[in-house]
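The values are calculated or read from the model by the stated rules, or taken from the named source; none is laboratory data. Quantities reported herein were computed from a predicted structural model and do not represent experimental measurements. Don't worry about glycine lacking a Cβ; one is built from the backbone with ideal geometry, like all the others, and counts go over all protein chains shown. Heads up: the accessible areas ignore ligands, DNA and RNA and are worked out on the full protein's heavy atoms, side chains in. Shrake-Rupley method; radii C 1.70, N 1.55, O 1.52, S 1.80 Å.
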Amino acid sequence: MLNPIPNPIARHFPGSRAAVLIPLSILLLISITSIAQQPSAATLSDAQVRERVESLLKQMTLQEKIGQITQIGPWPVPPENLKPEDLIRAGRAGSVLWTIDSAQIKKMQEIAVKESRLKIPLLFGYDVIHGYKNVFPVPIGMAATWDPAMVERAQAMAAHEASVSGINWTFGPMVDIARDPRWGRIVEGAGEDPYLGAAMARAQVLGFQGPRLGTINRVVGSVKHFAGYGAAEGGRDYDASYIPEELFRNIYLRPFQAAVDAGVGTVMSAYMDLNDVPASGNKWLLRDVLRRDMGFRGFVISDAWAVASLQVHGYARDPEDAAYRGLTAGVSMDMGSETYLKNVPKLVDSGKLPISAVDQMVREVLAVKFRLGLFEHPFGDLASKEKVLNDPEHRAATRLAAQRSMVLLRNENQALPLKKTLASLAVIGPLADSAEEIKGSWTVERGPGVSVLEGLRNKLPDAKIEFVRGGDMQRLFPMPWDAAEGRKATPLMPESEMRKEVEKAVEAAKRADTVVLVLGERASMSGEAASRASLTLPGNQRQLLEAVVAAGKPVVLVLLNGRPLEITWAAEHVPAILEAWYPGSEGGNAIADVLFGDVNPGGKLPVSWPRVTGQAPTYYNHNLTQAPEDAPGFTSRYWDLVTAPLYPFGYGLSYTTFAFSNLKLDQKSIKASGTLHVSVDVENQGGVAGDEVVQLYIHQRAGSASRPARELKGFERIALAPGEKKTVRFSLGKEELKFWSPETKTWVVEPEAFDVWVGGDSKATLHSEFKVTE
Ligand code: BGC
């Protein structure tokens, strides 16, 4: 978030004021199934909600109305330094941002529901992105599980932990499609694909909210950042996005539509310019697309200070104009700034803004509060906070999720799994001993974490395990909010010390039977304001890698990172590479589980993995060109590198092998309104049990527009015992076959020929075809 007002809370990373550790206490058991089956607190019908909203609205003063569309922070509002408590008491705040202190939340809510004139409860919003105290893998890792049911359960647990802490609103899921790994926020989403992205969006909304708003122990979600943020030019965070409407609707909006269909209560409007109009002042986007076309019926919250920033963009003339443009464009609530609070009264008094425009926004906010059951249950079950946050099932769930998120990128000559009889192990790398970095960015009450080193020690209590840091890495520029508060980037180890560390690492490698080299990025190197111009291993990690490999011992490379990195050298010289993302609280244990074969990795890449930075953006669902790569003479569209990424979308190895056969379509041709059934047999041909993600891709051969070379339209993660064979079935109907045509400007299913492939990644070769008829 970049804005002229210094952000008073550095909330994303370890060491930030909001990153509070709370003590462990009594461990009690609550099963996740009991959470899933809990009843709804709110059971109001739409008509009842409308009636209550109208009756409340009639009693509200202008100030109180503006209060409902204002989200304040827990700090005084300038220039008069209005205290948050006073604003709440006066009914001048509808929500509070970035407060995780349960006692403070309770106090503020009490003021709202006991001391304010109309007793309207507050929404407390926070970024509960991949866990609350128990930290799950970062979202890109969760997407790599290809397991929406598990993701839903994980977010239900996160919601439960948040709700018993007093938070009733999460700023998630983040569903921005990211095709360019230079963009730091790729870590927060589900990667490049709209179909996988939609599945993850749906799962997360259901996890956060339950089957309907008001489900007990859940929170309201906020799908973000609406829309097109991931297409920031050059991958530079906050930069403008230019997205043609067909690409916007076919790719970028699909996960948002899935979130809306799953009933998400709020949508967060993005910061950046979309085709020259800032998203948070973009009437077409927020009214025509979101409310009219997509059928959204909750409310829109701006990103933090995004309404005030309309002026910074060079779009609004002054704060009053910014308030006017934000509100009329369809931003129902202003996050963090006093732009609505200060300017809407002037706009209404002068007659520029009709009160009906304000009323409409207030209605949307109140309706969500009613549907959430907030008037009946404003507090959350604070008494059970310690119990829920320390629930061993939550902790166990983070380990399971981490195991399932890992992607085995390389495994030459079955270098993995390692044997538990290993006598000695060298654990090397600047991230290997960190119990903090392993959790990634965006965590709240960070509970304890398990580093890779600790996980390996837990796994091999009797082995000689030697740790060498091996070097260091640093952001050249600190996070903007750190800089605003005068915090400097973590100091880098001096060059001379780094050289010594590399030497120490080489010596340790020579002494050990096997080396586990842990490389990647610090958590603060991806996420918001964490874009990069280059995807190389930061710091001295490349030198460390080459030196350790040259020591001649078997090396396993474990990556901790939130984006694909340039590892082309490693992919040629290191026999085993495991992508572990930032796996969360139990990360180190989960990594050890996979390295030693207690768990067979089954995650798959939710992004295409470029060989070098210059390949970005690279994505599998590109259009065909007049020079397809298999045409004579055209092997690449670069003369200095192949076009193909290092690892394709959907890719990931296993300790076993799977064979696909018997691809069957129940019809050779269907009507545009019809449904086709596809089946395929998948067999585990190896000696160990394992998971395969069965993926189905299609291609429309001709039509009113060029269609992507391949598009994912079905997937299922299945578990197979050695020798076991299963039949997996998919359906292809209107939802899968439709696209938004630039010719007709509508969704169409066209009577054309289609290809279909099924396999274990986006290069699947098992092929068939079908036709759609009028
Ligand atoms: C980010 C959002 C986040 C908000 C509130 C902004 O800077 O862009 O993703 O939800 O802050 O923390």
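Observations on the model:
- Listed by chain and number, the aspartates and glutamates placed with their C-alpha closer than 19 angstrom to that of K771 are D666, E711, E735, E736, E750, E752, D755; residues fewer than eight positions away on the same chain are left out.
- Note on K83 and S356: the extension gain reaches 95.4 nm, defined as 0.36 nm multiplied by sequence separation minus the Cα-Cα distance.
- Extension reserve of the D261-Y638 stretch, reckoned as 0.36 nm per residue once the Cα distance is removed: 131.6 nm
- Note on K439: lysines with a C-alpha under 16 Å away, same-chain residues under 8 apart excluded, are K133.
- With the whole protein complex present, D318 retains an accessible surface near 60 Å², based on a 1.4 Å probe.
- Only one residue of H767, G94, A397 has its Cα farthest out toward the positive end of the dipole of the chain, where Lys and Arg carry +1 and Asp and Glu -1 on Cβ, and that residue is G94.
- Alpha-carbon centroids, segment 285-363 and segment 421-463: separation in whole Å: 46
- Pairwise label distance in nanometres, E412 with E233, each label 7 Å out on the Cα-Cβ vector: 4.2
- Spin-label proximity, I718 to segment 689-703 - amide N less than 13 Å from point 7 Å beyond Cα toward beta carbon: 690-696
- Ellipsoid semi-axes in whole angstrom, largest first, where each is sqrt(5λ) of the Cα gyration tensor of the chain: 41, 32, 25
- Length gained on full extension, L382 to R701: 109.1 nm, using 0.36 nm per residue less the C-alpha separation.
- When +1 charges are put on Lys and Arg Cβ atoms and -1 charges on Asp and Glu Cβ atoms, the dipole computed for the chain relative to its Cα centre reaches about 1060 debye.
- Virtual spin-label span in nm between T536 and L476, 7 Å along Cα→Cβ: 1.1
- Sequence ranges 372-381, 619-628, ranked by mean other-Cβ count within 10 angstrom, highest first: 372-381, 619-628
- Accessible area in square angstrom per residue, segment 657-750, 1.4 angstrom probe: 44
- Cα gyration tensor, segment 658-749 - rounded (a/c under 1.5), prolate or oblate: prolate
- Amide proton proximity set for S269, modelled H, under 5 Å, gap of 5+: F226, I301, S302, D303
- Taking segment 699-750 as the region of interest, the number of lysine pairs whose Cα atoms are within less than 24 Å, with members eight or more places apart or on different chains, is 6.
- Under 5 Å from the amide H of S669 lie the amide H atoms of K771, each residue being 5 or more positions distant or on a separate chain, with H modelled from the backbone and absent for Pro and chain starts.
- A prolate overall shape is assigned to segment 149-199, the ratio a/c of its alpha-carbon gyration tensor axes (a ≥ b ≥ c) being 1.5 or greater and a/b exceeding b/c.
- Accessible carbon and sulfur surface of segment 643-766 relative to its total accessible area, %, 1.4 Å: 49
- Partner lysines whose Cα lies under 17 Å from the Cα of K119, excluding those fewer than 8 positions away in the same chain, are identified as K58, K65, K106, K107, K369.
- Residues in segment 165-292 average 22 Å² of solvent-accessible surface per residue, probe 1.4 Å, ligands and nucleic acids excluded.
- Remark: segment 622-639, residue by residue, has Karplus-estimated 3J(HN,Hα) of 7, 7, 6, 10, 5, 10, x, 4, 8, 6, x, x, 10, 8, 8, 9, 10, 8 Hz, where x stands for each Gly or Pro and the curve is 6.51 cos²θ - 1.76 cosθ + 1.60 at θ = phi - 60°.
- Residue pairs, from the table K459/K604; K420/K664; K385/K464, whose Cα atoms sit over 32 Å apart: K420/K664; K385/K464
- The H on the amide N of V307, modeled in the peptide plane, is under 5 Å from the matching H of M335, each at least 5 residues off or on a different chain.
- Across the options P345, V264, P319, the greatest Cα extent toward the positive end of the charge dipole of segment 260-355 (unit charges at beta carbon of Lys, Arg, Asp, Glu) belongs to P345.
- Residue-by-residue Karplus 3J(HN,Hα) for segment 347-355, coefficients 6.51, -1.76, 1.60, Hz, glycine and proline x: 5, 6, 4, 7, x, 5, 10, x, 4
- Segment 86-101 - phi-based ³J(HN,Hα) in whole Hz, Karplus 6.51/-1.76/1.60, Gly and Pro as x: 5, 5, 5, 4, 7, x, 9, 9, x, 7, 10, 9, 6, 10, 10, 7
- Label positions at V312 and T765, each projected 7 Å from the Cα along the C-beta direction, are separated by 5.2 nm.
- Sites T746 and A103 - FRET efficiency at Förster radius 45 Å, r taken between beta-carbons, to 0.05: 0.25
- Surface calculation, 1.4 Å probe, protein heavy atoms: R297 sits at approximately 130 Å² accessible.
- Förster radius 56 Å - calculated FRET efficiency between D462 and T625 (Cβ-Cβ, nearest 0.05): 0.45
- For the chain, adding -39500 (n - 2.57) for each run of n ≥ 4 DSSP H residues and dividing by the number of residues yields -8000 deg cm²/dmol at 222 nm.
- Each Cα pair under 8 Å and six or more residues apart adds its separation to the average, and for the chain the resulting relative contact order is 14 percent.
- Here r is the Cβ-Cβ distance between R292 and A396 and R0 is 35 Å; the resulting FRET efficiency, rounded to 0.05, is 0.20.
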